[in-house]
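Below you'll find the structure, written out as structure tokens, and then a few comments.
Since every read-out is calculated from the coordinates, none of them should be taken as a lab result. What you are looking at is a predicted structure, and each value in this text was computed from that prediction instead of being measured. A quick note on method: Cβ atoms are made from the backbone with ideal geometry, for glycine too, and the neighbour counts reach across all protein chains shown.
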Amino acid sequence: MQDSDDNPSITLDNQPRNPESGSRKSKWVGHERGSTSRFMIPIYFPYIHSPPLKLNLFSSPSAGPLLLLATQLVTGSLLHLISKQHISSNFINTTIVNFHSIMFAKTSAISSVLLVLAAISSVNAHGAMVAVTGSNGVTGQGFGIVETTPRDGTRRQPFQTDTSIIRDREIASGDASPCGRTLAGGVNDMAAQMEAASSAGLPAASEDGTVTMTIHQINGDGAGPYTCDVSADASGKSFANMKILTNVPGENSRSNAKATDFPLVAQMPAGTTCTGGPNGDACVVRCRNAARAGPFGGCTAVTNAVGGAGNSTAPAAASAPKAAGAKAKEALAEDLYKRALNVVKSFEKKRMLRSRIAGVKAGYWI
């Protein structure tokens, strides 16, 4: 980064330099500074002179100052955002490099600014798997979820820190596990997460193999639709697609929802039996959307349905005759009891006997 004082031919204004920030006085475009901050757009002039942005590189003499001004406006505003912890320094560096490259390629200033602003808006959005409701009454959560993370905001810090980013290219390169990574904890260690989940108790799938989850959409591209798959041995080496029964609303992983919970229900393939984990009874279910800045979502550990292994409906069907037989036996026993009771009551009635010795009416109970 080079100050514009080294190149006196490029001057935007003569306002005094801020000795702390190294930039000129900030300007606020839009509403007055004392109004609601929601409508204020901070524009900062850091006076950066990047080597690709020399005026003689452009065919039009009037294009150079405009492009330089656009670069300084965007760069200064990005530096202001990172100072407020709205976006990360890595994103800033990548954005500035890409922006300079686009300008060097003579892309119009307006298109470049729109591209950067679109990138900023896409970063500030996620969706996290915050709960898994088991048929056995146990409630779990996604890998990497931090329970103390507040769920009533949309900013990167602290609301997005435990959202899993699950990218196939990062999985293939080894930069992330099959369950992705989070800002707070880094790569999701599947073995460690499985151990912790098993110790706390695993939520069980329903008898038909359905798993009920809750996705917390922070904003923007944390929306649906989501896809889910399951690793029956919990290794993450292979996954089978699951059928989505209830999906998170959205189109192309975008919606206007913010800080909202949505149900996500997915069904394992027929015959799936969980065989992984420390107890040999766990599966890993992975769900994610298709957001370009993500995908976002998470993994969770579940166990087999209560009362049997796998998600077959055969045990329920087999138990039906047993239940019917038990009811029949109960009805028969009740009928026999009533019959015996009637017999006893008949003997309790007083009976009159005719006898030649005692007369016409002699004797009562026999």
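A few points about this structure:
- Straightening the chain between residue 292 and residue 157 buys 46.6 nm, computed as 0.36 nm per residue apart minus the Cα-Cα spacing.
- Each residue, residue 251 and residue 148, gets one label point 7 Å from its Cα in the Cβ direction; the gap between the two is 4.2 nm.
- Packing-based ranking, highest mean first, of 129-138, 279-288 given that Cβ atoms within 10 Å are counted: 279-288, 129-138
- Packing, as the average of other Cβ atoms within 10 Å across residues, places the peptides 146-154, 176-184, 254-262 in the order 176-184, 254-262, 146-154, highest first.
- The rule of thumb for compact globular proteins, 2.2 N^0.38 Å, goes into the C-alpha radius of gyration of region 127-303 0.93 times.
- Label-point gap, in nm, between residue 270 and residue 199 - each point 7 angstrom along Cα→Cβ: 4.0
- In terms of the mean number of neighbouring beta-carbon atoms within 10 Å, the peptides 157-166, 242-251 order highest first as 157-166, 242-251.
- Separation of alpha-carbon centers, region 222-266 and region 124-173, rounded to whole Å: 12
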